[in-house]
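Structure record follows, encoded as structure tokens.
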């Protein structure tokens, strides 16, 4: 632990990679630490990306590769390491991993978020046996079969559209009377003949022996519960921020997101939060990348104090 970095970035999704690119171009001593060793974060499980400017009809994997290639082209150091603890020493921070300790003047938390779970009976037991949180990862296993998607936002509708291409039948189960997804996605969904939306419905239980066989669906208007035979269920009900690492260190909101505005500054001087992990109105690839740039600008201003 001889080198003192100007900034250590934790996470290599769009926010982390953009921060790495901006930090390197600013001449800062920077390293990106990624616990999985694979860059991209949730973007990797996004089949279609059609809203990132200049790169229409792309996909999550290709876009993630481009981010990483850009960073590596500039010479950004990227290491596979899981940060286990952060110690604030005032002028510097210590980041402890299993093999090394990193000392740095500033930290950018770009740890992102992960798929939320419903917590219904059968969910945990049948995960990987018909219960999935990633349609693009697992959809091919259900070609020609009947599946259900739980949720009403962009991801749920995108999943239903994607699955409809290969599945015989797709049920979209939503607890309200209208979807929250973007209108362009809703329009595309409504045109699909093999998709059926079950309005005002909630998943209460997932049943099956060694594979998903049946769902118990509760209609919150009729107050009736009925079985629904499916081979798979894809849960898309939002995200949970990856903030366990900094609980008790930085201020968070009631949902566990790190409180930080557009400057990405947290309640601890020298620690910044970028991307899906922070409080913000919109969590998209473009806003995560923008956060990475803003966070580095804040790092530079902080180091001038």
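What follows is calculated from the coordinates using simple rules that are stated; it is not laboratory data. Note that this is a predicted model, so its numbers are computed, not measured. When we count neighbours, we look across all protein chains shown, and the Cβ atoms used for this are built from the backbone with ideal geometry, even at glycine.
Semi-axes of the equivalent ellipsoid for the range 131-235, computed as √(5λ) from the eigenvalues of its C-alpha gyration tensor and ordered from largest down, come to 19, 18, 11 Å. Axis of helix 60-73 versus longest Cα principal axis of the chain: the two differ by about 10°, to the nearest ten degrees.
Taking each DSSP H run with n ≥ 4 as -39500 (n - 2.57) and averaging over every residue of the chain yields -7000 deg cm²/dmol at 222 nm. Label sites at residue 199 and residue 25, each approximated as a point 7 angstrom past Cα along Cα to Cβ, lie 4.8 nm apart. Listed by Cβ neighbour count within 10 Å, with the fewest neighbours leading, 204, 280 appear as 204, 280.
Using a simple spin-label model with pseudo-atoms 7 Å out from Cα toward Cβ, residue 219 and residue 261 lie 4.9 nm apart.
Starting from the Kirkwood Rh over alpha-carbon pairs, what translational D in µm² s⁻¹ does the chain have by Stokes-Einstein at 37 °C and 0.692 mPa s? Answer, rounded: 160 µm²/s. Specify the angular offset, from 0 to 90 degrees and rounded to the nearest 10, of the alpha carbon long axis of helix 154-164 from the longest principal axis of the alpha carbons in the chain. Roughly 50 degrees, rounded to the nearest 10.
Each peptide in 263-271, 118-126, 18-26 was scored by the mean count of other Cβ atoms within 10 Å over its residues; highest first, the order is 18-26, 263-271, 118-126. By the count of neighbouring beta-carbon atoms within 10 Å, fewest first, 278, 105, 176 end up ordered 176, 105, 278. Listed peptides 294-302, 248-256 appear in the order 294-302, 248-256 once ranked by packing, highest mean of other Cβ atoms within 10 Å at the front.
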